[in-house]
Amino acid sequence: TTLLDVRHVSKQYGQDTMALSDVNFSVKEGEFVSIIGPSGAGKSTLLRCINRMIDASSGEINFDGVQVMDLKKAELRKLRTKIGMIFQHYNLVNRLTVIENVLHGRLGYKSTLMGSLGWYTAEEKQQAMQILELLGLTKHIYKRCDQLSGGQKQRVGIARALLQNPKLLLCDEPIASLDPNASKVIMDHLRNISKVMGITVLINLHQVDVALSYSDRIIGVNKGTVIFDGSPQKITSEE
Ligand code: ADP
Ligand code: ADP
């Protein structure tokens with residue numbers, strides 16, 4: 001079944017930047033789909049339109065039976081628990097610990113500002129611990145995030161998204177700041193999350209080789225339009 005359907009989506013910034021022009025594609029439940037294309041192609045804009053970090057200029061985005069572009073501000077929080085977002089620069093709160101960062105994604109920034117882990121229930125903490133264990137972060141849960149390596153930070157970002165129990169993970173260049181070893185660890189985790197937990201993954205990458213080896217499907221974007229859409233096998237056979 002289709003989880004995400006993007007129809008005729010365009011996004012214009014200011015007077016003359018058409019970041020997206022009539023983009024169409026859909027993603028099935030459980031699929032691992034990479035979006036590849038050069039810098040400035042519109043990949044990041046596309047992901048931001050899907051979770052309504054920004055508003056598309058026109059078109060329709062249907063996610064899990066909901067018309068995303070019709071949602072009111074107050075409804076966006078619910079959308080974003082179902083759509084996890086992973087960022088190139090992790091977007092963690094550096095002065096907080098790993099476990100605080102993971103819980104804060106679920107309960108909101110204010111709750112962590114109120115103070116300590118005492119605010120959370122035992123069940124919430126246990127769930128966070130389990131996810132952190134899955135991501136190999138058990139040793140680091142009480143470290144401040146600014147003491148972690150890039151690869152560890154990105155795993156915290158993934159843990160934070162997973163605690164929301166999302167149906168879709170949007171990953172915006174998640175390995176662009178990482179070395180090859182850390183990149184492989186992150187990509188392996190994302191693939192396991194997709195294949196074992198059944199979470200649908202839509203990931204922006206500029207490394208074609210990585211996209212080819214991890215994806216069920218690859219969507220190529222250039223200058224705001226889709227220029228190909230198919231399996232890795234199809235793309236390599238067309239070259
Ligand atoms: P990619 O993620 O593929 O590198 P982006 O979606 O970041 O591409 O950018 C697509 C185009 O939109 C680029 O020309 C970029 O400069 C422009 N752009 C992105 N964000 C903004 C913004 N907030 N305001 C104006 N232009 C933007
Ligand atoms: P990175 O991918 O390294 O985080 P980006 O190039 O995506 O950096 O840009 C970071 C921020 O600047 C984003 O919020 C993006 O929307 C915005 N941005 C990107 N290009 C432009 C642009 N041409 N004009 C204005 N804002 C932009």
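The values are calculated or read from the model by the stated rules, or taken from the named source; none is laboratory data. Predicted, not measured: the structure shown is a model, and the values here were computed from it. Methodologically, a virtual Cβ is constructed for each residue, glycine included, from the backbone with ideal geometry; neighbour enumeration extends over all protein chains shown. These area figures cover heavy atoms from the full protein model, side chains too; ligands, DNA and RNA do not enter into them. Shrake-Rupley method; radii C 1.70, N 1.55, O 1.52, S 1.80 Å.
If I take every Cα pair under 8 Å that is 6 or more residues apart in segment 28-160, average their sequence separation and divide by the length, what percent do I get for the relative contact order?
This gives 25 percent for segment 28-160.
Please work out how much accessible surface GLU173 shows to a 1.4 Å probe, ignoring ligands, DNA and RNA, in Å² rounded to 10.
The accessible area comes out at roughly 20 Å².
Kindly work out what percent of the DSSP beta bridges joining two residues of the chain are antiparallel, to the nearest 5.
55
Please compute P(r) over all alpha-carbon pairs of segment 149-239, binned at 10 Å starting from zero, and give each bin as a whole-number percent.
15, 48, 31, 6, 0
Please report, as a whole percent, how much of the solvent-accessible surface of the chain comes from carbon and sulfur atoms (probe radius 1.4 Å).
Carbon-and-sulfur percentage of accessible area, whole number: 50.
Scan around ILE86 for amide H atoms under 5 Å from its own, H built in the peptide plane at 1.01 Å from N, and keep only partners 5 or more places away or cross-chain.
LEU170, CYS171, ASP172
Treating cross-link reach as a plain straight distance, find the lysines whose alpha-carbon is under 19 Å from the alpha-carbon of LYS234, omitting any fewer than eight places away in the same chain.
LYS28
What is the dipole size for the chain, taken about its Cα centre, with +1 at each Lys and Arg Cβ and -1 at each Asp and Glu Cβ, in debye to the nearest 20?
840
For a quick check of understanding: with a 1.4 angstrom probe and all protein chains in place, what accessible area in square angstrom does ARG95 have, to the nearest ten?
120
From the helices alone, meaning DSSP H stretches of at least four residues, give me the mean residue ellipticity at 222 nm for the chain, per-run term -39500 (n - 2.57), in deg cm²/dmol to the nearest 500.
For the chain, the value works out to -11000 deg cm²/dmol.
Enumerate the helices in the chain for which the Kyte-Doolittle hydropathy averages -0.5 or more and the C-alpha atoms extend at least 15 Å along the helix's axis, using complete DSSP H runs.
150-163, 180-197
Which three lengths, in whole Å and largest first, does segment 113-188 cover when its Cα atoms are put on their principal axes?
Extents along the principal axes: 38, 30, 22 Å.
Please work out the average accessible area per residue across the chain, using the 1.4 Å probe convention, and give it in Å².
Result: 48 Å² of accessible area for each residue.
State the Cα centre-to-centre distance between segment 176-190 and segment 32-109 in whole Å.
20
Obtain the nm distance between the two label points defined at ASP209 and HIS8 by a simple spin-label model: each point lies 7 Å from its Cα along the Cα-to-C-beta direction.
4.2
Along its three principal axes, how long is the chain when you only count alpha carbons? Whole Å, largest extent first please.
In descending order, the Cα extents are 52, 40, 35 Å.
Quick one: net charge of ILE141's neighbours, Cβ under 12 Å, K/R +1, D/E -1?
+3
Give the Rg (one decimal place) followed by the Dmax (whole number) of segment 6-59, computed from C-alpha coordinates and expressed in Å.
Computed over the Cα atoms of segment 6-59, radius of gyration and Dmax are 11.4, 38 Å.
What percent do you get for the relative contact order of the chain when only Cα pairs under 8 Å and 6+ apart count?
Dividing the mean separation by the residue count of the chain yields 29 percent.
Using a 1.4 angstrom probe and counting only protein chains, how large is the accessible area of LYS167 in Å², to 10?
90
If you add up the charges near GLU60, with Lys and Arg at +1 and Asp and Glu at -1, over every other residue whose beta carbon is less than 12 angstrom from its beta carbon, what do you get?
The answer is -2.
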